[in-house]
Amino acid sequence: MAEQSVPASLEELKKLRKSPLKAVIEKRHKITGINKLALWITDHVGSMGFFLIIFGWTVIWLGWNICGPQALRFDPYPAFVLWLFISNMIQLFLMPLIMIGQNLQSQHADARAEADFEINKQAEREIETILQHLENQNQLILQILSKIEQKQG
């Protein structure tokens, strides 16, 4: 019977274990304040709440400048030049901030994917070791059964 390699012990497997989540946590702590602001803006601008705020603001702005008292209208119909200027400025400022936030989120997702990959590799190593132990036990059981049969027969 061919000799098989001895499966790794539990202690050997524990020595091989690393904490892949540590890299994700370290990456999260390295984010600067301005990048945290970009992430916060990215998370909140892409929400339904932000959409409702902008929609409500637009309705109020246009409604006031169409239906408000003539003397108090600050951007009267049909011009709405100030509103167009402000909305364009909002877009110009939000676009790069959202892109920065998406880049940071992508980097974080990459770090998490790398951590998941490391965990999967560790699990694969441990499963292979368990299978080797089971094969080893199976061979020992077959040897014992063979000896019992030889003694009885």
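Here are some notes:
- Only one of the numbered conditions (1) more than 16 Å from residue 43 (Cα to Cα); (2) hydroxyl-bearing (Ser, Thr, Tyr); (3) modelled with pLDDT of 85 or more is violated by residue 106, and that is (1).
- Identification of helices (runs of 4 or more DSSP H) wholly contained in the stretch 1-95 with 1 or more residues that are at pLDDT 80 or above, surrounded by 11 or more Cβ atoms within 10 Å (Cβ to Cβ) and under 27 Å from the mean Cα position of the chain (by Cα) yields 33-45, 48-67.
- Taking (1) farther than 30 Å from residue 37 by Cα; (2) surrounded by fewer than 11 Cβ atoms within 10 Å (Cβ to Cβ); (3) not polar (S, T, N, Q) in turn, residue 142 satisfies each apart from (2).
- In the set (1) part of a helix (DSSP H, G or I); (2) over 30 Å from residue 30 (Cα atoms), residue 103 fails one condition alone, (2).
- Residue match in the stretch 133-148 (condition: under 30 Å from residue 30 (Cβ atoms) and either assigned to a helix (DSSP H, G or I) or out of contact with any helix residue (DSSP H, G or I) (no Cβ under 8 Å at 6 or more places or on another chain) (or both)): no
- Qualifying residue in the stretch 120-131 (condition: under 30 Å from residue 39 (Cα atoms) and part of a helix (DSSP H, G or I)): yes
- Residue pairs whose Cβ atoms lie under 8 Å apart, sitting 6 or more positions apart in sequence or on different chains, and linking a residue in the stretch 136-153 that is on the phi > 0 side of the Ramachandran plot and modelled with pLDDT of 95 or more to a partner that is surrounded by 10 or more Cβ atoms within 10 Å (Cβ to Cβ) and assigned to a helix (DSSP H, G or I), do not occur here.
The values are calculated or read from the model by the stated rules, or taken from the named source; none is laboratory data. Computed from a predicted model, the values in this text were never measured in an experiment. So basically every Cβ, Gly included, is an ideal-geometry build from the backbone, and we count neighbours across all protein chains shown.
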